[in-house]
Amino acid sequence: MSSCSGFPPNTGSKLSKPRVLVLSDNQFQGVLPIFLCNASMLQDLEIVATYLSGTILRCLGTYQKDLSIVLIAENQFEATNSANWAFLASLTNCSNLRKICLDSNKFEGVIPNSVGNLSTRMEFLSIEDNKITRSIPEGIGNLTNLVDLDMDNNILVGAIPASLGKLKKLNRLPLSKNAMSRSIPVALGNLTELNELILGANAISGSIPPSLDTCPLEVLDLSHNNFSGSIPRELFSISTLSGSMDHAHNSLSGTLPSEVENLRNLNEIDFSNNMISIEIPDSISGCESLVYLNLSRNFLQGTVPLSIGNLRGLLRLDLSYNNLSGTIPEILGRLIGIYSLNLSFNKLKGEGPRDGVFRNATVVLITGNDGLCGGIPQLKFPPYSNHSTMKPS
């Protein structure tokens, strides 16, 4: 059914024993019809992008023993108290249930502990983009066949339950944009099939556990938290990292280790807004798949490594607001595909390169380096001849 504004008359009698019911992308308004409670043959219920509101029927699942898919997303459904969440307890009767998606509704309050009693065949549980509060129930660790657990963009607090370490088949764990705190449980290192760990924009603290190196991660997002200490060297041995490694906006210190060269398949590194110090290792050139490298707003010292010029696929490079010194390597001009090269506010000196990307002032940002001169006129540095002939007084 689609492009409808309401339920047709006698819908219940005409759909007494549906196996699949899809009510998506339409103008349906009002509440869920009670006939769904009696649809005993129902296996697949999909209600996506409608104007339906109210609460989900607490009887849903009572008589639908073969129900395997419940997809109720992008609607106006609400749950503000334990009675409104009673449908989850009813769904525990469905032993074949594999997928529940409740994304983008108006669910509030606490996820009931009954979620841990859902079918052990559950593979997909997503409640993102709601207003869920309190902590993630420990009982979710009982759903040992889960492949995807998604609770992004809620108001979850407390710690990530150590019981999630029992979800050995989990591929994705997006928990970003919440208010979770404390530290990452070491038990997450047991997730030996985990490809995406997305914890950005929380208040998680402590050190990053080295045990994450046992996860075959492709994406690791720990940005915008309160992590401290150094980045474990073990993380740089995760050769499966291919999407992004984002630790931006934390309080991480220490150095960028030479083991970074092991991340040969990684597209994006963002360690900006931390307290990482010492030099950028020459081994950064081993990250041959990088398109984005952001190390800005740290305490990096030393020179800009010549080896960065070998990262021919770079589209964005940001080393601004550090303590980098020396001259700008001319080899950076060979990064012909780059559309943003930011070396601003360091201690760079000498003549600015003129070749390659340095011919385009709209691509290159190198202000705030008082020792620079020359370069193309658009950069407005003092002429090189003035600096080169200056004698100490």
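The values are calculated or read from the model by the stated rules, or taken from the named source; none is laboratory data. Predicted, not measured: the structure shown is a model, and the values here were computed from it. Cβ coordinates were reconstructed from backbone atoms using ideal geometry, including for glycine residues, and neighbour counts include every protein chain displayed.
General remarks:
- Residue count, the range 124-148 (criterion: closer than 22 Å to Leu45 by Cβ and among the polar types (S, T, N, Q)): 3
- When each of Ser289, Ser239, Ser307, Ser223 is tested for being outside any strand (DSSP E or B), over 29 Å from Leu170 (Cβ atoms) and modelled with pLDDT of 95 or more, the lone residue that passes is Ser307.
- In the range 100-143, the residue that is modelled with the highest pLDDT out of those that are hydroxyl-bearing (Ser, Thr, Tyr) and in a strand (DSSP E or B) is Ser126.
- From the list Leu67, Leu97, Leu60, the one residue that fits, being crowded, with 17+ Cβ neighbours inside 10 Å, modelled with pLDDT under 95 and part of a loop (DSSP other than H, G, I, E, B), is Leu60.
- Residue in the range 150-167 that is β-branched (Val, Ile, Thr), more than 24 Å from Leu266 (Cα to Cα) and either in contact with a helix residue (DSSP H, G or I) (Cβ under 9 Å, 6 or more places away or on another chain) or not in a loop (DSSP other than H, G, I, E, B) (or both) present: yes
- If you filter the range 73-123 down to residues that are among the β-branched types (Val, Ile, Thr) and under 27 Å from the mean Cα position of the chain (by Cα), you find that the one that is nearest to Asp44 (Cα to Cα) is Ile100.
Residue-wise test of (1) among the β-branched types (Val, Ile, Thr); (2) over 24 Å from Arg297 (Cβ atoms).
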site	(1), (2)
Ile198	yes, no
Ile204	yes, no
Cys215	no, yes
Pro232	no, no
Ile238	yes, yes
Glu259	no, no
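- Per this entry, Ser272 is counted among residues that are hydroxyl-bearing (Ser, Thr, Tyr) and crowded, with 17+ Cβ neighbours inside 10 Å.
- Selected residue (criterion: farthest from Leu222 (Cα to Cα)) from residues of the range 255-307 that are among the aliphatic types (A, V, I, L, M) and in contact with a Lys or Arg (Cβ under 9 Å, 6 or more places away or on another chain): Val291
- Cross-chain or 6+ apart pairs with Cβ under 7 Å, the range 274-287 first and without any contact (Cβ under 8 Å) to a residue 12 or more places away in the chain and closer than 13 Å to Gly254 by Cβ, then charged (D, E, K, R) and crowded, with 17+ Cβ neighbours inside 10 Å: none
- Members of the range 226-236 that are assigned to a helix (DSSP H, G or I) and either small (Gly, Ala, Ser) or crowded, with 18+ Cβ neighbours inside 10 Å (or both): Leu235, Phe236
- Among the numbered conditions (1) over 23 Å from Cys94 (Cα atoms); (2) modelled with pLDDT under 90; (3) not hydroxyl-bearing (Ser, Thr, Tyr), the only one that Leu52 does not meet is (2).
- Residue within the range 144-156 that is under 14 Å from Ile204 (Cα atoms), touching a Pro at 6+ places or on another chain (Cβ under 9 Å) and at pLDDT 95 or above present: no
- Any hit, the range 170-183, residues being in a helix (DSSP H, G or I), over 16 Å from the mean Cα position of the chain (by Cα), closer than 29 Å to Ser237 by Cβ and among the small types (Gly, Ala, Ser): no
- Tally of residues being in a strand (DSSP E or B) and either polar (S, T, N, Q) or loosely packed, with under 15 Cβ neighbours inside 10 Å (or both) across the range 242-268: 4
- Which listed residue, of Thr362, Thr389, Thr327, is at pLDDT below 95, on the phi < 0 side of the Ramachandran plot and within 38 Å of the chain's Cα centre (by Cα): Thr362
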